[in-house]
Amino acid sequence: MDFNWILIRYGEIGLKSSYVRRSFENRLMENIRRGLENKGIDGKVQRGYGRIFLNTTETNKASELLKKIFGVVSFSPCVKIEAEFEGIVEKLVELGEEKISEEDSFAVRVRRTGEHGFSSKDIEEEAGRIILEKTNSEVNLDRPDFKIMADVRQGQCYIFGEKTPGPGGLPLGTQGKVVSLITGDCGSFLSTWMMMKRGCSVVVLHGKMDPYGDIEIDRTIEELGRWSHGSSVDVIDFDHGMNLFNIKEEGERGYTCILCKRLLLRVAERVAEKVDASAIVTGEWMEDNLGEMKFTDSSVEIPVVRPLIGMNRNEVREMCRNIPGDTFPMTKVCEAMETGKFKVEKERLEEIESRLNIDELVEDALEAR
């Protein structure tokens, strides 16, 4: 059976008010259109009640695209026919004969929306009876080897045999913009990806730390770009190494890392003002020093979001591996990093920053971006 339509399902968009729902649907459709255009796929995107439909002859290529479009919960390549009882049964049987052999089990599933002269159960029973006769297989309503499915709505019927999961979340670009601090490690990639999944456009900020060691962010940016249909990932980098040198030389033992983080957050806050972003995102998780976060966050007025805060190292690694199909380094390499536990005092921290003229370092970073 040649599929030339794809039925696209969304999730929490349907829970919004009618105005917000329409706005989110429009954004999701536009993101799909942009993705199709970028990939050179011919297709027409249409709205239906509670569904989005994509008419294309390139269903395989379009399916790979939809796996990486936020807001898509699942989708099904399908054929579209008129919502008539005999025609629906005929197409379900045709698909069943193609997919099911004598050794397989199957179930017929029909979802119906609106008024029709038949029920979902009527179609399921009739199509199931004929498929059973023609294939000599068996019916298993609980755990079938194959499902033969139909979605009947608005006078049309869509016949399909599988549901492919999408990433879910909200359409990219519906929840404002954030500045994400990227170090090239697993945590910074995953935290950025999670904010994109919640609909946030992203500006990536990377402080290059030479000569203290650094991880290239090219692969991180490339992977994020695979998920950025509808809202590009903008990248800003700057030379942070000299600032870190000043912090290490003029500061005190036990304060280097926290001074570094506070400076990075201040630079990110200034960038956020320029790009109209609402928050800063970091890739820290619970293994980081929770007690120090009050000192780092107090350096800025903008919210600092940590999507990974409730996860441990293994959870971060596993989730990061599942998204790109490989792992990023778990932590960045920084030769200036201090080991051990240190007691940080707020007054001492502020005195060191005053001596370093931290505002001037921020301006230097902004000029070097």
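The values are calculated or read from the model by the stated rules, or taken from the named source; none is laboratory data. This one's a predicted model, so the numbers in the text were calculated from it and none came from an experiment. Cβ sites come from the backbone with ideal geometry, for glycine too, and all protein chains shown count toward neighbours.
Summary table
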read-out	value
Search result, residues across the range 110-145 that are part of a strand (DSSP E or B) and in contact with a Leu (Cβ under 9 Å, 6 or more places away or on another chain)	110, 138, 139
Residue that is nearest to residue 65 (Cα to Cα), among those in the range 162-215 that are in a loop (DSSP other than H, G, I, E, B), at pLDDT 95 or above and of a type in the set (A, V, I, L, M)	172
Residues located in the range 150-176, provided they are in contact with an Asp or Glu (Cβ under 9 Å, 6 or more places away or on another chain) and surrounded by fewer than 18 Cβ atoms within 10 Å (Cβ to Cβ)	155, 156, 168, 176
Subset tally (residues that are over 30 Å from residue 94 (Cα atoms), surrounded by fewer than 20 Cβ atoms within 10 Å (Cβ to Cβ) and out of contact with any Gly (no Cβ under 7 Å at 6 or more places or on another chain)) for the range 3-28	10
Of residues in the range 116-149 being surrounded by fewer than 18 Cβ atoms within 10 Å (Cβ to Cβ) and small (Gly, Ala, Ser), the one nearest to residue 92 (Cα to Cα)	120
Yes/no for residue 213 being in the same structural domain as residue 271 (by TED's automatic domain parsing), touching a Cys at 6+ places or on another chain (Cβ under 9 Å) and loosely packed, with under 15 Cβ neighbours inside 10 Å	yes
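Each row is one residue, and each column tells you yes or no for (1) loosely packed, with under 15 Cβ neighbours inside 10 Å; (2) assigned to a loop (DSSP other than H, G, I, E, B); (3) in contact with a strand residue (DSSP E or B) (Cβ under 8 Å, 6 or more places away or on another chain).
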| residue | (1), (2), (3) |
| --- | --- |
| 30 | no, no, no |
| 35 | no, no, no |
| 38 | yes, no, no |
| 46 | yes, no, yes |
| 69 | no, yes, no |
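Yes/no per residue for (1) over 30 Å from residue 145 (Cα atoms); (2) touching a Gly at 6+ places or on another chain (Cβ under 6 Å); (3) free of Cβ contacts under 8 Å to residues at least 24 places away in the same chain; (4) outside the structural domain of residue 266 (by TED's automatic domain parsing):
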| site | (1), (2), (3), (4) |
| --- | --- |
| 159 | no, no, no, yes |
| 170 | yes, yes, no, yes |
| 181 | yes, no, no, no |
| 184 | yes, no, no, no |
| 188 | yes, yes, no, no |
| 191 | yes, yes, no, no |
| 195 | yes, no, no, no |
| 199 | yes, no, no, no |
| 204 | yes, no, no, no |
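Residue-wise test of (1) surrounded by 18 or more Cβ atoms within 10 Å (Cβ to Cβ); (2) in the same structural domain as residue 273 (by TED's automatic domain parsing); (3) within 30 Å of residue 348 (Cβ to Cβ).
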site	(1), (2), (3)
290	no, yes, yes
295	yes, yes, yes
301	no, yes, yes
306	yes, yes, yes
310	no, yes, no
313	no, yes, no
322	no, yes, no
